[in-house]
Amino acid sequence: MTLMLPRQVGSVRVRERLGEGGMAFVHRGEDPYRPDRPLAVKLLRPEAARDAELVQRFLREGQLLKALRHPHLVEVQDFGRSGSTPYLVMELLPGGSVKACLGEPPATLVRRLLGPMEGLHVAHEAGVVHRDLKPSNLLFAADGRLKVTDFGVCLWEGAEATRVTRSRMVVGTVGYMAPEQHGDPRRVDRRADVYALGAILFEFATGTPYAQVQLPPASVRPGFPPGLAAILMQALAPDPGRRTPSAMALRDQLEAWLERAEAAGWGEQPLPGFQTSVDQPTRTLLKRAEPEGASERLGPYLDALASGGVGSRRAAAEGLRQAAHSGDGAYLAGLLEQTPESARFALANALAEVGGEEALAPLLGLLEDPFVRQEAAEAVSRIALRIGRVDAMRSRLAEPGLGNVWRWSARARLGDGSWVESLLAAWPSLGEAQRVQALEAARELPEPLRGRVREAAGTEAQRRGGRIREAWARL
């Protein structure tokens, strides 16, 4: 059935789709009265628009962000309903997510996050807790500013929103959620966002998610600056009472460390084990075995990935994916091992679209790389379906039980029946966030496996409602 979405909201024309998430579609917007201003239009999915609580949360996000103004918070121009479709009109953030900054020197990462911390402080002072801070919610504007986005599940101590935000539904993303978010959500305050900031900085500076190790940074990445490590561990304290009390307090601590680091020359170089520049063999590799026309199509993107700054790498990642042709698979696969860690995700995403047999071995080799393992697993599964290597790659991606969350979608796409059996057996013991992630991954399952999950989870999804019901409805 064709989805009938509005072609115009207010004065803004709704143009091509830029992406979609679990609750909403995002389209490019065009305001004839402000043609120089790039806009994004967020449209709630029809199935979500039938849920009164989801609609209230969605429109509350618009109300909140239109009231909050800060250079490092996404700006909302308008919100409301067009017919039965709730919408938000906001500035378009074309620079991609902060994920492209993985592996940068610690001092550089700290500088990037100071502005978003100020923006969060403004939100906190207004009584708003984000509750779902993660790399994909930190996006770059066209001018290079890093902005906090997606306040759709925030806690807002205000008037009519209290009924929604004080519900007992667990919200957040596993890996960045503070421990108290797994309990009664009504006990969550601004310190949960501080924890998420600490988790993001820990992961991006060490290359390993904090939730997987729960160790001091130097245990994961030797040579980590001890002063910065102490700040991160306080932000990641499991007891909110011992945690850094606010985003501004964390910002002040980091700024003080940055001043000392700059004076002493600390933190300006990548930590041991990170490759951030391209050596001569890599530059030679970029020039050989080029398919016909590759220089014109791929050259600018490969150059930006190899030696450009973070901003150019972000744009190059999407450009490479769109420009790659089916005959480029072997060429791109040959670059994987030589490409800087912080840019490998771009090649993996492109290979998911055009790679063949020759790409499987190097992609499988990246499953141990914390920067790109999820993208590598996704690419392996998509290539396997395309070239008929499903059984072999299903075996290579299999793990005992449910295994790692980052493999779930890839295993489901390849019809891993053992994953389905493990999911159904573990379902009663999973938390809400894990159930939502599992249902999202199960969307990739072929029938009849998908139907088994849909049937097994149906009663619980209808009873619990909220995010579980949303995810189940999309199965």
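No lab work stands behind these numbers, since they all come straight from the coordinates. No experiment lies behind these values; they were computed from the predicted model shown. Here the Cβ is made from the backbone with ideal geometry for all residues, glycine too, and neighbour counts use every protein chain on show.
Descriptive notes on the structure:
- Three-way shape label, the stretch 1-80, alpha-carbon gyration tensor, a/c 1.5: oblate
- Label-point separation, GLU357 to ARG464 (7 Å along Cα→Cβ), nm: 4.4
- Quotient of Cα Rg and 2.2 N^0.38 Å for the stretch 98-264, N being how many residues it contains: 1.00
- Computed extension length for ARG242-ALA126: 39.4 nm, one decimal, from 0.36 nm per residue of separation with the Cα-Cα distance subtracted.
- Taken along the Cα-to-beta-carbon direction at a fixed 7 Å, the label points for ARG396 and ARG37 span 4.9 nm.
- Cβ-to-Cβ counts within 10 Å put THR173, THR108, THR244 in ascending order as THR108, THR173, THR244, the fewest first.
- Measuring r between the beta carbons of SER136 and ARG443 and using R0 = 22 Å, the FRET efficiency lands at 0.75.
- Extending 7 Å from the Cα toward the beta-carbon at both GLN322 and TRP427 defines two label points whose distance is 4.1 nm.
- Annotation note: trypsin sites (Lys or Arg not before Pro) in the stretch 2-84 located in DSSP loop regions with a Cβ neighbour count of at most 14 within 10 Å are ARG7, ARG50, ARG69.
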